[in-house]
Amino acid sequence: MIRRTRAMPSSLPHLDAVPLFSCLNPAERALLSPLCTVRPCARGEELFREGEPARALFFVILGRVKVVKAAHGRDVIVGIFGPGEPVGVLAAFEEKTFPATAAALEPSTVLEVPAQEFFALVDAHPEMTRRLLQGLIVRQLEVTRRLADQSGSVEYRAARLFLTLAERAGTRAGEGAEIPIALTRQEIADLCGTTVETAIRTMSRWGKEGLVLTRPDGFSIPDVGALRRLAAG
């Protein structure tokens with residue numbers, strides 16, 4: 001049951017911005033709102049660190065959040081989360097520690113929701129359960145696909161990465177697409193499971209070939225079909 005506490009009205013509009021909470025009635029939102037914390041985050045600021053107790057989960061309101069796992073002496077970005085998406089759900093559900101670190105990929109706003117109250121609402125609303133499971137299944141399929149992609153070349157993995165970003169967050173522009181996500185070469189390397197030097201060489205070559213162009217605020221793909229052909233091997 002949600003506990004009553006001191007009102008923090010500033011979080012209520014942010015609850016309305018999360019699709020998962022659309023099935024809550026006004027009274028439930030009013031009870032949940034004071035328990036939530038709105039957190040503006042600078043680029044690189046951590047939401048939680050690997051090994052910390054998962055007492056809360058987070059919803060991205062603005063911007064994007066990356067989840068990073070340290071493996072074999074280097075960081076691997078296991079996921080990028082955008083507006084409306086939850087971060088840290090499974091660890092909070094299992095009442096365990098976070099298995100990875102989450103940090104803002106760009107200036108962002110997140111909503112921190114206490115796990116106990118969140119899952120009390122999930123238990124009371126089958127529609128929330130369905131939506132939550134649907135999102136988790138999509139994420140799990142993406143992770144499974146990325147693991148399968150690791151056997152391919154770096155160019156293949158990078159092509160798959162940019163196609164996925166275009167599908168999830170991009171906008172079509174004729175035969176091409178614009179991706180409004182600014183990634184450093186190190187972040188591209190962490191997403192593709194390669195070194196930053198290899199990521200630099202790949203992106204430099206693709207820029208000269210007009211395959212993927214780096215912009216100040218993201219990337220431009222002039223011809224999505226050409227990238228698909230590269231990803232198809």
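The values are calculated or read from the model by the stated rules, or taken from the named source; none is laboratory data. As the structure is a prediction and not an experimental result, all values here were calculated from the model. When we count neighbours, we look across all protein chains shown, and the Cβ atoms used for this are built from the backbone with ideal geometry, even at glycine.
Assorted remarks:
- In the range 168-180, the residues that are charged (D, E, K, R) form Cβ pairs under 9 Å with partners that are at pLDDT below 90 and not in a loop (DSSP other than H, G, I, E, B), at six or more places apart or across chains, as follows: 168/142; 178/172.
- Scanning the range 86-112 for residues that are touching a residue at least 60 places away in the same chain (Cβ under 8 Å) and in contact with a Ser or Thr (Cβ under 8 Å, 6 or more places away or on another chain) gives 111, 112.
- Scanning the range 105-113 turns up one or more residues that are among the hydroxyl-bearing types (Ser, Thr, Tyr) and out of contact with any Asp or Glu (no Cβ under 9 Å at 6 or more places or on another chain).
- If you go through the range 219-233 and keep only what is touching a residue at least 60 places away in the same chain (Cβ under 8 Å), part of a helix (DSSP H, G or I) and loosely packed, with under 15 Cβ neighbours inside 10 Å, you end up with just 228.
- Residue check, residue 51 touching a strand residue (DSSP E or B) at 6+ places or on another chain (Cβ under 7 Å), part of a loop (DSSP other than H, G, I, E, B) and not hydrophobic (A, V, I, L, M, F, W, C): yes
- For residue 131, the requirement of being over 30 Å from residue 232 (Cα atoms), among the basic types (Lys, Arg) and in a helix (DSSP H, G or I) is met.
- Scope the range 39-64; condition touching a Leu at 6+ places or on another chain (Cβ under 6 Å) and closer than 22 Å to residue 119 by Cα; matching residues: 58, 59, 61
- Any hit, the range 77-84, residues being in contact with a Lys or Arg (Cβ under 7 Å, 6 or more places away or on another chain), modelled with pLDDT under 95 and in a loop (DSSP other than H, G, I, E, B): yes
- Taken residue by residue, the range 210-219 has no member that is under 16 Å from residue 174 (Cβ atoms) and of a type in the set (S, T, N, Q).
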